[in-house]
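Each reported figure results from applying straightforward, stated rules to the coordinates on display, with no laboratory input. Predicted, not measured: the structure shown is a model, and the values here were computed from it. Using ideal geometry, Cβ is built from the backbone for each residue, glycine included, and neighbour counts are taken over all protein chains shown.
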Amino acid sequence: MTKNKDLIYTYTIFISVSMVFLDAYEIFSIPLTWLGLSLLVPISLYEIKNTLWSKYSKFIYLVAIVFIIPEAFYIMTEKLLLSDLFYIGLRYYNIFSFIVVLFFCNYFFQQTDLDYFFKLLKKFIYLYSFITIYIFIAQIFDFYEPFRNRPNTTLYEGSLQSIFWLSQPHRAMGTFREPLFLVTFFLPLVLIYLYRERQNTLALSVLAGIALGLTRSDYVRLFVIVIFLYLIINYVIKKEIILSILTLLLSIVLFSSIGVLECNLNPDSIECSEFSEDVEKINNSGKLKIKTNSTNPVTELDSDRLDVINYFLHSLNNVSPRGIGSVNEDYQDYSAKEIGEKMYLTNRTLPKYLLTRYSTQNFGTGNYSLIRYEPNVQNLLVFYTQGFGVMFPVLLYLYLINLLMTKKINLDIGFFSIIILLIFVSPIEEVNSYYAFIIGLSYTLYFKKKEINEYL
């Protein structure tokens, strides 16, 4: 690979990553994330055609057959609208982009100057950590923040998702639509950098740890535990303390425990000023109390993750492929059935910010509404297992077994496995080119270059 082409590809990757991170913004009604995810596809196809197609064409055909057949049956047996076909098409485009970009990244990172690449990565992590912390503060004190123009990123004008939490501690979300997305995309990138660059990284570890900790995400807390266990094993075997990663974990733990009630700090905030009654309750008790004239319990609005797990367990009695177009529909039917059986009720006089976050369907003449919204599975493993059947976890299992059998188990494989785990249990329900970039980069770092092609 020539030096000029190497630089072009390097900067294209960073432009792509930057656009993916602008999750809360769109241009001409097209989310910038989608544009970023698509940016690597053309150069990936170019390199595959010139250098990789003859070697991996049979594998690509096999994957295509396994994944496309269930969807073909679903399309032929269901009466689908054009919007349904568009949805399915986008899902398969993401799978396609994941495969081609993964092959490209495995090839590219063998050829490129990784030292230069990681210098740019360091600057990016510093910059994005600063941006995240600034936006966290700006949303509390009404400082300037670029207007979020992607749907579901603002409280008003029919949006279904708030950028602040009136009765709960404020959470960092950076340029993403919600804190969990920030963790999902940013944490693997930070871990990869710190695992390779262990010198002079304490400042970066602290700054990135603050940004991730302020999300107050259970997801990041879970992986703090997983990564800490890895550090213990690493110390027992190698007598080595990876100070950069340990500093990151401690910073996350410290700042994830910090709770800042926006409306207590700044009751004159634009978002708080219209909710004076609720603000008064917060200031008096620190907790929002919802009045109700019924003894019926108010539904827990933050039960989506448990619902997904219950749905997955419920669906294990049928692991035949059904097509990814049917998964969210099945989940909605399951959720509606559960709601109907348990009669989850919520008071119609809920604070305005909750009524704008959750669409409600009134029934009867009483003071209650039945919560009815259209959730997504938002779990990669559940989504693909339900869509492609038992074949998906089997292929994943065989790949991992092959990896472990062809390479002596070591701590590098352990850390690589954490990166894979971060992806496959993420709240993102499908693979994409960004995940391909993360896996390709980490794969190159943790295995000898001459051995990479042996595992694919």
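Worth a mention:
- Ranking of 126, 443, 334 by count of other Cβ atoms within 10 Å, fewest first: 126, 334, 443
- Ascending count of other beta-carbon atoms within 10 Å, so fewest first, for 205, 433, 244: 244, 205, 433
- Cα shape, region 88-246, gyration tensor, a/c 1.5 rule: oblate
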